[in-house]
Each structure stands twice: as C-alpha cells, then as structure tokens.
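To start, the structure itself, in structure tokens.
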Amino acid sequence: MNFRKTLKGEICSLTRFNPGDERTVDLIKDLFNEKEIAPFLNQEYLKNKTKQQIRRWIKEKSDHPYEIWYVIKSKSNQIGYICFKWRKHYDDACEISTAIHKDHRGLKLGFHSSKLLIDYILGLRKFRYLVGYVFLTNKKAEYNLRKLGFRMNNRLHRIITKEFYGSDGSSKEDRKYNLMVIYGNK
C-alpha cells in the first residue's frame, strides 16, 4: 500500500520523514534529549541521543514497511513528529504516537496533527483499531485523546499489547499505560 507523502490541514501539515533533512535531525535530537517528556516516549527511541544515531534512526524509520513517520510542520517550522505503526503478523490495529517540541506545546498543534492523521488512517480502511498508549499519570494526553474520539479499552489492552510487545502488560509491575482506542472501519 502506498501512503501519502504529505497531509495538509488548516493549521499544520505532515510530511514523511526525509533522511537528508538536517532540520528533522535537530528536532528529533531536541525531543529525545528533553527530560520532561522522556518518561512519556518509547524508551527504545531514547537510546538515540547523538546526531549520528538519530540520522540512522530517521533513515530506518523513513524506509520502514510497517511504520509511517511524519514531521509535523506549522508554517515553515518543524514542530514535532507523529507516526502510525503496526506489526507484520498483526495488522488489525495500528498505534499512533506523537511528540511536540516544547516551544510549540499548548497551541493545539498536537490535537490538529493527530486529527489530520486519524482522518487519513480511517480513510485507508486498513485497520480495525487505532490505538494510543497513554502513561497512567498523563491525564492531559488522555483528555486530548478523548477529544479526538479515543476511548479506554482494557479488554483490548491485553490483546493488542501482547501482539505488539509480546507481553499483555496486565501485571501491576508491567502496567504503565492505558490503551485508548478508536474503532476503525476495516
């Protein structure tokens, strides 16, 4: 399936990762080295701290067959990233993930970029579920996902987390996130 390279919205746009774009490298470096959001990001991403590591990471993500990564742009500024990903063996669900640079938070750009991507994904008719993991204490992110139409679903949490990450995440020690779901139209 071919995925669009650019999605245009009213106040922001999404452009697929370009491995040669140094502005994207600088943006991702800032995000992955920001202490305030580090607990909320995928810990695998945070292993990439240097520009060289981030260039390799961006190249890998720009060519990935099961992950579609976009830079969020507002006017001419790159302000964050957003992606959706699924597993080769399990394409009933896709996970949406986003991060906004600290200089652009609170401007509703995260909401608008997420809405733009969600509408696009639903239009693909490829997935039964769109999911987002929310850190248990991140009530602001949970509220924003609810505004976008997501609902908490603990039954699917075990199923989807097992398929995506190999563990169902149900034990008290393992559970750090709530699963939020939008039902797609596959």
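The values are calculated or read from the model by the stated rules, or taken from the named source; none is laboratory data. The model shown is predicted, which means the values in this text are computed figures rather than measured ones. A quick note on method: Cβ atoms are made from the backbone with ideal geometry, for glycine too, and the neighbour counts reach across all protein chains shown. Protein only, heavy atoms only, side chains kept; ligands, DNA and RNA dropped before computing areas. Shrake-Rupley method; radii C 1.70, N 1.55, O 1.52, S 1.80 Å.
Consider residue 82 carefully, then state whether it is in contact (Cβ under 8 Å) with a residue 12 or more places away in the chain, farther than 18 Å from residue 180 by Cβ and within 15 Å of the chain's Cα centre (by Cα).
Numbers: in contact (Cβ under 8 Å) with a residue 12 or more places away in the chain: yes; farther than 18 Å from residue 180 by Cβ: no; within 15 Å of the chain's Cα centre (by Cα): yes.
Against the criterion (in contact (Cβ under 8 Å) with a residue 12 or more places away in the chain, farther than 18 Å from residue 180 by Cβ and within 15 Å of the chain's Cα centre (by Cα)), residue 82 does not qualify.
Working carefully through the options 119, 30, find the one that is free of Cβ contacts under 8 Å to residues at least 40 places away in the same chain, open to solvent by 60 Å² or more (accessible area, probe 1.4 Å) and closer than 23 Å to residue 133 by Cα.
Checking each option against the conditions leaves just 119.
Determine which member of the set 47, 59 is touching a residue at least 40 places away in the same chain (Cβ under 8 Å) and out of contact with any strand residue (DSSP E or B) (no Cβ under 9 Å at 6 or more places or on another chain).
Values: 47 fails: touching a residue at least 40 places away in the same chain (Cβ under 8 Å).
Answer to the selection: 59.
Which members of segment 42-75 meet the condition of being over 19 Å from residue 117 (Cα atoms), within 14 Å of the chain's Cα centre (by Cα) and not in a helix (DSSP H, G or I)?
Scanning segment 42-75 gives 42, 43, 44.
What pairs can you find where one residue is in segment 1-20 and farther than 16 Å from residue 100 by Cα, the other is of a type in the set (Phe, Trp, Tyr) and open to solvent by 40 Å² or more (accessible area, probe 1.4 Å), and their Cβ atoms are less than 7 Å apart, with a gap of 6+ or different chains?
Listed by first residue and then by second, the contacts come to nothing, as the list is empty.
For segment 130-142, does any single residue satisfy the condition of being modelled with pLDDT of 95 or more and touching a strand residue (DSSP E or B) at 6+ places or on another chain (Cβ under 9 Å)? It would help to see each step written out before you state the result.
First, the residues of segment 130-142 that are modelled with pLDDT of 95 or more: 130-131.
From the residues that got through so far, the ones that are touching a strand residue (DSSP E or B) at 6+ places or on another chain (Cβ under 9 Å) too are 130-131.
Yes; the residues of segment 130-142 include at least one that is modelled with pLDDT of 95 or more and touching a strand residue (DSSP E or B) at 6+ places or on another chain (Cβ under 9 Å).
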